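I have placed the structure first, in the form of structure tokens, so that the comments after it can refer back to it.
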């Protein structure tokens, strides 16, 4: 899968609207408290360094000629909610780490929340471990368990006896017992993502 940074390098943005994956709305808190909206969405993947991203945040929250004393995050677009006052460098690092992962964003974030906790500022540190544990997405855990059972029967049982074993094997019990050996999350589309236990 091509990352946003690679797409930017390969195609450039020319006169087209930039890719807007992982937007974060930074607001000037002083202006906001005075009843004015000063701020913009800034997209961390469009910057090759944190320094450039930090400069973009300063410009986005600039009130006339004055830079913001305090900056708050008021919205996230297609990016996990890290709260109103997250560390800006953690936002930058997390956006790039998620973009460079081969896992689907939703699978990665949901698994992290279910098995590691809700402090998303630490997610970037665990992406490699999560990728190593990932097995795949299936319609159900039973589908995965049945594949393992069928493969085992085919490799271990004499060909002449395989049909008898297939007909008499307790697939439901096998799936129930096997599930204790894996971490399984249910996705929004009702499929399951399966991971080795670490």
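The values are calculated or read from the model by the stated rules, or taken from the named source; none is laboratory data. Source: prediction; values computed, not measured. Every residue, glycine among them, receives a Cβ derived from its backbone with ideal geometry; neighbour counts consider all protein chains shown.
The C-beta contact set for the range 170-193 (first residue touching a residue at least 12 places away in the same chain (Cβ under 8 Å) and assigned by TED's automatic domain parsing to the domain that holds residue 112, second residue outside any helix (DSSP H, G or I) and loosely packed, with under 13 Cβ neighbours inside 10 Å, distance under 6 angstrom, 6+ apart or interchain) comprises 183/197; 191/139. Filtered by the rule that a residue be closer than 19 Å to residue 99 by Cβ and touching a strand residue (DSSP E or B) at 6+ places or on another chain (Cβ under 9 Å), the range 120-141 gives 130, 132, 134. Just the residues that are assigned to a helix (DSSP H, G or I) and more than 19 Å from residue 193 (Cα to Cα), please, taken from the range 119-135. Passing the criteria: 120, 121, 122, 124, 125. Inside the range 21-37, residues that are over 29 Å from the mean Cα position of the chain (by Cα) and within 14 Å of residue 72 (Cβ to Cβ) make up a count of 7. Only one entry of 80, 86 meets the criterion of being closer than 29 Å to residue 132 by Cβ and in contact (Cβ under 8 Å) with a residue 40 or more places away in the chain, and that entry is 80.
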